[in-house]
1. For residues in region A:244-263 being more than 14 Å from every other protein chain (Cβ to nearest Cβ) and modelled with pLDDT under 95, which is nearest to A:His45 (Cα to Cα)?
2. Filtering region B:97-111 down to residues that are among the hydrophobic types (A, V, I, L, M, F, W, C) and farther than 17 Å from A:Tyr107 by Cβ, which residue is nearest to the chain's Cα centre (by Cα)?
3. Of A:Leu23, A:Leu35, which residue is at pLDDT 95 or above, touching a helix residue (DSSP H, G or I) at 6+ places or on another chain (Cβ under 9 Å) and within 21 Å of A:Met240 (Cα to Cα)?
4. Just to be sure, is A:Ala71 of a type outside the set (Phe, Trp, Tyr), surrounded by 13 or more Cβ atoms within 10 Å (Cβ to Cβ) and either part of a helix (DSSP H, G or I) or in contact (Cβ under 8 Å) with a residue 40 or more places away in the chain (or both)?
5. When you check A:Cys99 against the structure, is it at pLDDT 95 or above and not assigned by TED's automatic domain parsing to the domain that holds A:Asn163, yes or no?
6. Give A:Phe108, A:Phe134, A:Phe95 a once-over and let me know the one that is among the aromatic types (Phe, Trp, Tyr) and within 29 Å of A:Ala4 (Cβ to Cβ).
7. Right, B:Gly81: within 13 Å of chain A (Cβ to nearest Cβ), more than 30 Å from B:Val261 (Cβ to Cβ) and over 24 Å from the mean Cα position of the chain (by Cα) or not?
8. Those residues that are basic (Lys, Arg) and either within 13 Å of chain B (Cβ to nearest Cβ) or on the phi > 0 side of the Ramachandran plot (or both), I need them from region A:60-92; list them, please.
Amino acid sequence: MIIAVASGKGGTGKTTVATGLVLVLRDSGHKVAYLDCDVEEPNGHIFMAPQCNESEDIFIEVPEIEQDKCALCGKCAELCVFNALLVTSDEVITFPELCHGCGGCRYFCPAQAVRSGRKKIGTVERGTAGRAVFVRGELQVGTALSPPLVNAVKKNQLSRGINVMDAPPGTSCPAVATVRGADFCILVTEPTPFGLHDLALAAQMAKSLGVPCGVVVNRAGDGRELIENFCLQEGLPLLMKIPLSRTIAEAGSRGVPLNQAEVGWDRMLLLLYSDIKGLIMSERAYGNQR
Amino acid sequence: MKELTVISGKGGTGKTSVTGSFAVLAEKHVLADCDVDAANLHLILNPQVQHRESFPGMPMVEIITEKCTGCGLCEQLCRYGAIKDGAVDEMSCERCLVCYHACPEKAVQLVDNVAGEWFISHTRYGPMVHARLGIAQENSGKLVTEVRRRARTLAEEQGKNLIITDGPPGIGCPVISALGGSDLALVVVEPTLSSIHDLFRVLELTEHFKVQTAVCINKWDINPDNTREVENICHNKKVTLAGRLRYDPAVVAAAMEGKPVIRLPSTVAGDIVSLWDCVRQELGV
């Protein structure tokens, strides 16, 4: 089972929910993995305190030009939609930071002067937090392209067990790469006009990927009807509310996970899981008939 | 002309609330919302759209079934696994057009694609350029570049000497596009371990792109120990600490009313005014 935790707006509590969920599932004997796909700013390790013993560098394929074979015909630069190659009067200059690794330049070069080189975009670390599997990707600073790294993190999903994936904020490529293929997506929001606006975008994203989703409202206090009304209108299940609480906020600031921040949250998080499991099963049973 | 870019690394630390208040305090400026994925500045500045234009994305590809012989070359060449059984999955496709150029039957055709829209608007706090990227569209970086370019043109036309840019979270493609060539990056952090972790990565990024940087600590009194830690980091990295904003429920109240927080009577307003004074000095405007 794959559960993605996404949000649209940043800082709404994705990591709080994802790590809390993984820790209570672990403590209740489930086989569970936490995968931090927010590779630009991964924070899950702060709450999970993992022991990482494996680290793998992740590369993308970039062109390397064999200048002596190159006839300076300009075909590669003409075909590259990412502008990662420039043909001057005496050489071809490559811009690996713009390359998306499509391999077009190498395939189409009439002189076979393009060799496959590689560029590091980040690392994937693997380890454990108690009996839970912990995986995270970390984008190399200065690198623009993150989806290939997200996909490298996703390769570590357990085939049998529960995978909880912590998504980056937003609704563009890296968030899409994370949520794609999930069985369910938890959308974490806060009851403000900002939270509502971005929740609507994130819900659209999940819908366009065909991933069923539900909402967790964080910092619920005044104004939570904003989100409740939206959920009713869109037919989205409202799964859990985390109140606006100084205790929880302070615990979070020190890296204390939600299940240890206040009494009762371990049970709430287990209920969250069983609700999600129910929703996935009913989606499987009835979703296909729609 | 000077450009200030407000960024954060970690999302939700208060970039937009800070930018919105700067919009009220600044004079002779243009606003730019470069968080094109999940733009929020318009929710507190109430813009009246004067001009809108669609933002063409890279063209999509489509396979013409009648021409396709099912040779499988496109599927084999696609690095993104976006072609299966003669159909293109739009969500996985990177628009590299390798399939289009490679198809021996010319069975792959280009389809125009609108990736988003950008706007020039009037607000009571000055003109604003903002945008909306379509869901799951590529090219957020290019749209950010477009928004910045339009903001600069607008500022030149109207004789403004400052652009205030609300940036996206993270350190990837759209942030790099929002940051390059900016005169000052203001990093909004919270005194949490997550935000501190992300601060290191953002400072590395601004250093990499050689952008002068200042830091502001939002909700500093939530965790004074972590606040001291942020101050030490700034000191060690020789980054200006431009201000500390206290936790104030007025920030959420203002967002609920759709107003910049500085427009409401609040204790944090004084902190924001001092922050702005410091940022203005750093910028030299």
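The values are calculated or read from the model by the stated rules, or taken from the named source; none is laboratory data. Only a predicted model underlies this, so the values are computations on that prediction, with no experimental measurement involved. Using ideal geometry, Cβ is built from the backbone for each residue, glycine included, and neighbour counts are taken over all protein chains shown.
1. Here the residue is A:Glu262.
2. This residue is B:Val111.
3. Among A:Leu23, A:Leu35, only A:Leu23 is at pLDDT 95 or above, touching a helix residue (DSSP H, G or I) at 6+ places or on another chain (Cβ under 9 Å) and within 21 Å of A:Met240 (Cα to Cα).
4. no
5. Criteria not met by A:Cys99.
6. None of the others qualify; the one that does is A:Phe134.
7. yes
8. Answer for region A:60-92, where residues must be basic (Lys, Arg) and either within 13 Å of chain B (Cβ to nearest Cβ) or on the phi > 0 side of the Ramachandran plot (or both): just A:Lys75.
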